[in-house]
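Below is one structure; the comments refer to it alone.
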Amino acid sequence: MIDLNSPPQHLSDAFESLFSGGSFGASGTSVRPQAAQLDKRAATLTPDPKTEAEGLKEAVQISRWRLKHTVADILRAVDSETTPGVCKCGTAGHNSDAVYLTRNGGKAGVKGVFYCDSPWLCPTCAPRRAAERADKVLQVFKATEAKRGRVIFVTLTVKHDQKDNLSALKKMVMDACRKARQGKPWALAVERYDIAGVMVGPEVTYSPKHGWHFHLHVALVVLSDNDQLAEEAGEWLMNRYRTYIHQTGGETSRQAQDVTVVWREEDLASYMSKGSAAWEVSSAGATKKGKKGLTPWDLAANASKGNAKAARLFQEYAATMPGTRSCVITKGLADKLGIQPADDADEPGIDEMPED
C-alpha cells in the first residue's frame, strides 16, 4: 500500500517495477531482485516462447506509462484554465484513502487511482477504448452477416498540406460526411441500396511533408447479398462526400478514397489489420512503425526527445480531438440489425484548476 499522507504521486514507476518482476515492501518502494545467474548444467539458451511474448507485452505496457508522462508534460505546458485528465491519470483518486498495488492471476493492477478514460490523449487508456470500438465493429459485422448483408468500408480523405490546421480539416471532412447522409438524395439511396446505417471512425496521422491527415473510415451496412449493389452504395456515398468537399473549396482525388466490400469474417480481420487506429486493436496506443505517417503517439514520443515542433503538433491535436465520437451504433442501425445501440461518449476527465 502507498502512503497517501504524502503528496499524490504518479504510479508509473511502481507499475514498471511490478511489470518487470520487482516486489514491493511495506513502504511501497520498489525492490529489484538480483540479476539471475545462468546455470549451464543441462540448460538451454532457447527462450521460452510464452515467456518471451509475455515479456514483450510487459515492455509495451511500460513504454505506454512512460509515454503518458510525456503527454502530461506537453499538455501542462499549455496556458489553460483546465487540465486534461490524462495529466492526472494514474494518480491517487480524490476520495481515496489509500492506493493498492494488486496482482490478479499474475496480472498487475491498482485500486484507488484516477483514470482519465481518454481514447485520444492517454496511451494507457486508449488501448481499452480502441478494443471496445473494434468490438462494436465486429458486432455490427456479425449481425449483418447473419442477415446475409454486406459491410462496405469506405475511406474518405481530403487533400492537405503543411498550411492546413487540424481543426479546419476535421470540420471540412466531418461536415461533408454528415451532409452526404442527409436530405432526399440520401433517403432515396437508403431505399435503393437497402442501407441499414453507418458507423464512422475518425483517424489522424501527420506527415512531415504533407501535414495533418484527418480522414474517416465509414462502415456502410447494406442488407443485400448483391456484391455489385453493395459496391455501388459505397461509390455513391464516396462521390456525394466528394461533392460537398468541393463545394467548400476543398480538393479530393478518387485514388485517395477507398471502397471495399467485406462479407466474410476472415476478410474483416485482414481489413482491420491495415493499420487504422479506429479499427485496429493489436497495436492500439502504440506507435505505427513501418507505415506512412506519424500517429499522435509518435509525435509525443518525438517530443520526449526534445522535438519542440512535435510537442506543438501534439498540443494542436489535443485541442482538436477529445470529444470526437467513434464507432457509434445508432438506435436506427441497432434496430435493423437486432443488436443493442452503443454510444462512444468521451469522458475527458477534465478538472477545473483551483483558483489562486
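The values are calculated or read from the model by the stated rules, or taken from the named source; none is laboratory data. Predicted model, so just to flag it, every value in this text is computed and none were measured. Cβ: placed from backbone, ideal geometry, glycine included. Neighbour counts: every protein chain shown. With ligands, DNA and RNA removed, areas are computed over all heavy atoms of the protein, side chains included. Shrake-Rupley method; radii C 1.70, N 1.55, O 1.52, S 1.80 Å.
Data table
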item	result
Selection count where residues are open to solvent by less than 50 Å² (accessible area, probe 1.4 Å), at pLDDT 75 or above, out of contact with any Pro (no Cβ under 7 Å at 6 or more places or on another chain) and under 18 Å from PRO127 (Cα atoms), scope the stretch 57-109	7
Residue match in the stretch 119-134 (condition: touching a residue at least 12 places away in the same chain (Cβ under 8 Å), farther than 15 Å from ASP343 by Cα, small (Gly, Ala, Ser) and out of contact with any Cys (no Cβ under 9 Å at 6 or more places or on another chain))	yes
Residues located in the stretch 235-249, provided they are in contact with an Asp or Glu (Cβ under 9 Å, 6 or more places away or on another chain) and part of a helix (DSSP H, G or I)	MET238, TYR244, ILE245
Qualifying position, being under 20 Å from CYS327 (Cα atoms), assigned to a helix (DSSP H, G or I), in contact (Cβ under 8 Å) with a residue 60 or more places away in the chain and open to solvent by less than 50 Å² (accessible area, probe 1.4 Å), among VAL190, VAL173, VAL204, VAL200	VAL173
Residues (closer than 25 Å to ALA345 by Cα, outside any helix (DSSP H, G or I) and not β-branched (Val, Ile, Thr)) located in the stretch 298-332	MET321, PRO322, GLY323, ARG325, SER326, CYS327
Residues satisfying the stated conditions in the stretch 311-330, i.e. within 14 Å of LEU166 (Cβ to Cβ) and open to solvent by less than 30 Å² (accessible area, probe 1.4 Å)	LEU313, PHE314, TYR317, ALA318, THR320, MET321, THR324
Single unsatisfied condition, ILE152 versus (1) open to solvent by less than 50 Å² (accessible area, probe 1.4 Å); (2) outside any strand (DSSP E or B); (3) of a type in the set (A, V, I, L, M, F, W, C)	(2)
Members of the stretch 173-194 that are among the small types (Gly, Ala, Ser) and under 19 Å from THR157 (Cα atoms)	ALA176, ALA180
Unmet criterion (only one of (1) assigned to a strand (DSSP E or B); (2) out of contact with any helix residue (DSSP H, G or I) (no Cβ under 6 Å at 6 or more places or on another chain)) for VAL221	(2)
Members of the stretch 331-347 that are open to solvent by less than 90 Å² (accessible area, probe 1.4 Å) and either modelled with pLDDT of 95 or more or touching a Phe, Trp or Tyr at 6+ places or on another chain (Cβ under 8 Å) (or both)	GLY332, LEU333, ALA334, LEU337, GLY338, ILE339, PRO341, ASP346
Unmet requirement for LEU268, which otherwise passes all of (1) open to solvent by less than 50 Å² (accessible area, probe 1.4 Å); (2) at pLDDT below 90; (3) under 26 Å from MET172 (Cα atoms); (4) hydrophobic (A, V, I, L, M, F, W, C)	(3)
Checklist (1) under 19 Å from GLN257 (Cα atoms); (2) surrounded by fewer than 18 Cβ atoms within 10 Å (Cβ to Cβ) applied to SER224, failing item	(1)
Residue match in the stretch 177-186 (condition: open to solvent by less than 10 Å² (accessible area, probe 1.4 Å) and not aliphatic (A, V, I, L, M))	yes
